[in-house]
1. Against the longest principal axis of the chain, how steep is helix 14-23, in degrees 0 to 90 to the nearest 10, with axes from Cα atoms?
2. Sorted by mean Cβ packing within 10 Å, highest first, what order do the peptides 18-26, 3-11 take?
3. With each run of n ≥ 4 DSSP H residues scored as -39500 (n - 2.57), what mean residue ellipticity at 222 nm is computed for the chain after dividing by its residue count and rounding to the nearest 500 deg cm²/dmol?
4. Pop the C-beta distance of Leu24 and Ile4 into the FRET formula with R0 = 22 Å and round what comes out to the nearest 0.05.
5. Can you put Met45, Met2 in order of Cβ neighbours within 10 angstrom, beginning with the fewest?
6. Pairs to check: Lys16/Lys69; Lys66/Lys130; Lys12/Lys130; Lys16/Lys130. Give those whose C-alpha atoms are more than 23 Å from each other in this structure.
7. Mind giving me the FRET efficiency for Gln121 and Ala90? R0 is 30 Å, r the Cβ-Cβ distance, nearest 0.05 is fine.
Amino acid sequence: MMQIHHIGYLVKNIEKARDSFAVLGFSVVQNVIYDPYREIDILFMEKGGYTVELVMPKSDTSVVSKLIKTYKNTPYHLCYESDQLETDIAQLSTSGFVQIDVPTPAPALDNRRVCFLMGVQIGLIEILEK
Ligand code: NI
């Protein structure tokens, strides 16, 4: 069974975004970490059991740099934690979700693997290995 892990936010300026979430009562749970696979800075914050992941592209070749040009500062994925990563990806792939990358370690999450899928009806989701 998959549980919701975090809501991913695209942000242009991670420090300013952190300050805005602090105004809303969120606390930093882990300092900024650079993810060389995706060329992004990542910061996790938490409030009342809800976790947000602030994602800032660090280069024009980053996988999210195109997204942020289109969508600006915005939530852009919900991440689900899975205790059977390959099985859940396979099941989603037969249920209207299109796998758009391969499971890749996430340095900001103890190098647990993550994989992104596009839901035709609901947009981007992320699956995180438990
Ligand atoms: Ni995420």
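1. Helix 14-23 sits roughly 80 degrees off the main axis of the chain.
2. Top to bottom by mean Cβ count within 10 Å: 3-11, 18-26.
3. Computed mean residue ellipticity for the chain: -5500 deg cm²/dmol.
4. 0.75
5. Placing the least packed residue first, the sequence is Met2, Met45.
6. In this structure, Lys66/Lys130; Lys12/Lys130; Lys16/Lys130 exceed 23 Å between Cα atoms.
7. Computed FRET efficiency for Gln121 and Ala90: 0.95.
Every number here is computed from the coordinates shown, using simple stated rules; none is lab data. Bear in mind the structure is a predicted one, so any value in this text is a computation, not a measurement. Neighbour counts run over all protein chains shown; Cβ positions are idealised from the backbone, glycine included.
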